[in-house]
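Contents: one structure, followed by commentary.
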Amino acid sequence: MQIPQAIRRQRAVRLAAASTGIAALACLSVGLLTAAPQPDPLGEKTGGDTTVFATGRNAFSFPAANLSDEERTRFVIGNSFFRRNWVEAPASTKARDGLGPHFIARSCGGCHVQDGRGAPPEIFNRLGETKDPTVALLIRLSIPGADAHGGPKHEPTYGDQFNNAAIQGVKPEGRVTLRYDTVKGKFADGTPYALQKPVYGFADLGYGPMHPDAMLSPRIAPQIIGVGLLEAIAETDILANAADQAAAAGPIKGTPNQVWDAPSGRMMLGRFGWKANVATIAHQTGGAFVGDMGITSRHFATEACTPAQKDCLAAPSGQSAAVQGQPGVEIDDKTLADVIFYQATLAPPARRSVNDAQVLRGQALFAQAQCATCHRPSYVTQSGPFPHLTSKALSGQRIWPYTDLLLHDMGERLADGRPDFGANGRQWKTPPLWGTGLIKDVNGHTRLLHDGRARGVLEAVLWHGGEAEAAKDQVLKMKKADREALVKFVESL
């Protein structure tokens with residue numbers, strides 16, 4: 001629900017009264033900031049003027065607060081095509097037909113429920129069989145080598161991702177199996193902990209065995225809030241993060257990923273996806289439509305059927321784009337653009353409890369443990385790459401996403417062993433932390449990291465390794481009250 005304006009005014013008064021006394025503390029984690037357009041020392045307005053004051057089930061589903069009325073109408077249209085199911089062709093409706101032949105979800109909202117974060121499927125027996133199909137947990141596939149643009153080389157029989165559902169008359173590619181091994185450890189004060197390490201496999205393969213050198217990479221669907229703001233961060237700011245880390249002492253040396261962007265037809269700086277393997281929301285959306293739902297579009301005009309999948313190749317195509325005067329694909333340019341605009345203008349919710357003493361203690365510990373080096377708190381946005389797919393209201397905003405958008409070696413325990421453009425098998429992009437504390441409100445769980453293995457903030461920290469090993473070691477040495485304060489701070493974001 002949105003928080004009433006009166007309460008927001010009270011918060012603003014409290015913030016103004018407290019800002020002088022806490023400014024020095026806030027600076028501990030701000031580091032490289034330039035002057036803010038509007039004073040906001042605690043980053044309460046996470047997305048600047050785009051911020052919505054919202055909690056609860058719909059906290060991730062509001063438009064940017066400063067959109068015009070016309071833009072809000074476009075937001076609603078995009079929302080409709082984001083959430084509603086597509087159907088297989090031929091169908092009586094020509095508005096949303098073309099699902100499949102292979103797919104893992106029937107709508108964008110099937111993975112990003114309430115525009116939020118997915119979770120791994122529940123396991124119900126010792127064989128690792130799951131209660132539900134793996135919808136929000138995508139398995140990327142590839143073999144050694146690179147495609148024409150330097151990206152992953154697709155697995156020859158199953159393509160670049162595993163799809164466990166199919167339309168009538170087409171075989172599903174199979175099932176994902178999942179079980180967990182237990183990893184035990186102790187904090188310095190003797191408190192034990194146990195992590196769950198996922199082990200993935202495949203069963204009931206529909207088209208025979210995979211390539212013997214096949215590599216897989218699990219990816220959970222993240223929350224979508226603020227992606228338009230992330231797209232509007234200046235490339236120079238992201239590259240400056242890498243330069244500053246390279247020049248500084250210590251193990252943290254983030255690197256940018258350069259990736260192919262189909263809508264612009266060139267290599268660009270990656271900033272989306274768990275390995276920064278996607279540059280723009282437009283590419284991410286078009287790729288997800290064809291990869292996850294089998295819906296073709298202008299820049300992704302070919303169904304993801306491999307030569308071995310004869311039934312997939314023979315399946316009928318949808319006519320929804322043809323009805324709109326754009327034959328040859330299944331979603332027309334305007335509808336796709338509205339879906340992209342919808343995602344770009346989803347607002348990040350405001351922080352909560354910014355003046356809470358435990359949160360402020362946690363913020364200081366976050367900086368002390370060097371977390372803010374990779375999870376850079378703030379930027380001032382510029383313009384996105386495609387003006388017709390976003391809003392000018394997103395420009396010039398002081399935002400607080402807590403990410404450097406760079407790749408980091410996170411150690412062997414998190415490694416997937418699968419390269420993705422410039423990312424190697426041990427590297428992952430620093431995810432933004434905004435909205436972390438509201439995932440439970442929106443999606444009813446607290447699963448974090450690239451495959452959702454962590455059951456909360458502290459477990460996510462304990463999985464850190466590689467460049468983040470020293471930061472994790474500092475957390476291991478913290479007393480219980482400090483660990484709780486650190487978690488409280490992250491959950492306030």
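The values are calculated or read from the model by the stated rules, or taken from the named source; none is laboratory data. Worth saying up front: this structure is predicted, and the values here are computed from it rather than measured. Counting neighbours? That spans all protein chains shown, and the Cβs are built from the backbone with ideal geometry, glycine included. Just the protein is used for accessible areas: all its heavy atoms, side chains included, with ligands, DNA and RNA removed. Shrake-Rupley method; radii C 1.70, N 1.55, O 1.52, S 1.80 Å.
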Residue that is surrounded by 17 or more Cβ atoms within 10 Å (Cβ to Cβ) and farther than 22 Å from Tyr200 by Cα, where the choices are Ala95, Ala91, Ala119, Ala105: Ala91
Residues of the range 355-379 that turn out to be open to solvent by less than 10 Å² (accessible area, probe 1.4 Å) and over 20 Å from the mean Cα position of the chain (by Cα), as a count: 6
The range 342-353: number of residues that are open to solvent by 10 Å² or more (accessible area, probe 1.4 Å) and part of a loop (DSSP other than H, G, I, E, B): 2
Flag for Thr182 being of a type in the set (Val, Ile, Thr) and touching a Phe, Trp or Tyr at 6+ places or on another chain (Cβ under 9 Å): no
Test for Asp160: is it under 20 Å from the mean Cα position of the chain (by Cα), among the acidic types (Asp, Glu) and over 24 Å from Thr436 (Cα atoms): yes
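Residue-wise test of (1) under 19 Å from Ile220 (Cα atoms); (2) in a helix (DSSP H, G or I); (3) touching a residue at least 12 places away in the same chain (Cβ under 8 Å); (4) not charged (D, E, K, R).
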position	(1), (2), (3), (4)
Gly452	yes, no, yes, yes
Ala460	yes, yes, yes, yes
Asp473	no, yes, no, no
Arg483	no, yes, yes, no
Lys488	no, yes, yes, no
The range 284-311: number of residues that are open to solvent by 10 Å² or more (accessible area, probe 1.4 Å) and in contact with a Ser or Thr (Cβ under 8 Å, 6 or more places away or on another chain): 5
Residue under evaluation Trp260, criteria (1) open to solvent by less than 30 Å² (accessible area, probe 1.4 Å); (2) touching a strand residue (DSSP E or B) at 6+ places or on another chain (Cβ under 8 Å); (3) not in a loop (DSSP other than H, G, I, E, B), criterion not met: (1)
So Asp416, is it acidic (Asp, Glu), assigned to a helix (DSSP H, G or I) and buried (at least 18 other Cβ atoms within 10 Å of the Cβ): no
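Okay, residues lined up against (1) under 30 Å from Ala347 (Cα atoms); (2) modelled with pLDDT under 95; (3) open to solvent by 50 Å² or more (accessible area, probe 1.4 Å):
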residue: Ile167; (1), (2), (3): no, no, no
residue: Arg179; (1), (2), (3): no, yes, yes
residue: Gly190; (1), (2), (3): no, no, no
residue: Gly201; (1), (2), (3): no, yes, no
residue: Gly206; (1), (2), (3): no, no, no
residue: Ser217; (1), (2), (3): yes, no, no
residue: Ile224; (1), (2), (3): yes, no, no
residue: Ile233; (1), (2), (3): yes, no, no
Set Ala282, Ala276: member being on the phi > 0 side of the Ramachandran plot, in contact with a strand residue (DSSP E or B) (Cβ under 9 Å, 6 or more places away or on another chain), outside any strand (DSSP E or B) and modelled with pLDDT of 95 or more: Ala276
Residue count for the range 273-283, restricted to those that are of a type in the set (A, V, I, L, M, F, W, C) and open to solvent by 20 Å² or more (accessible area, probe 1.4 Å): 1
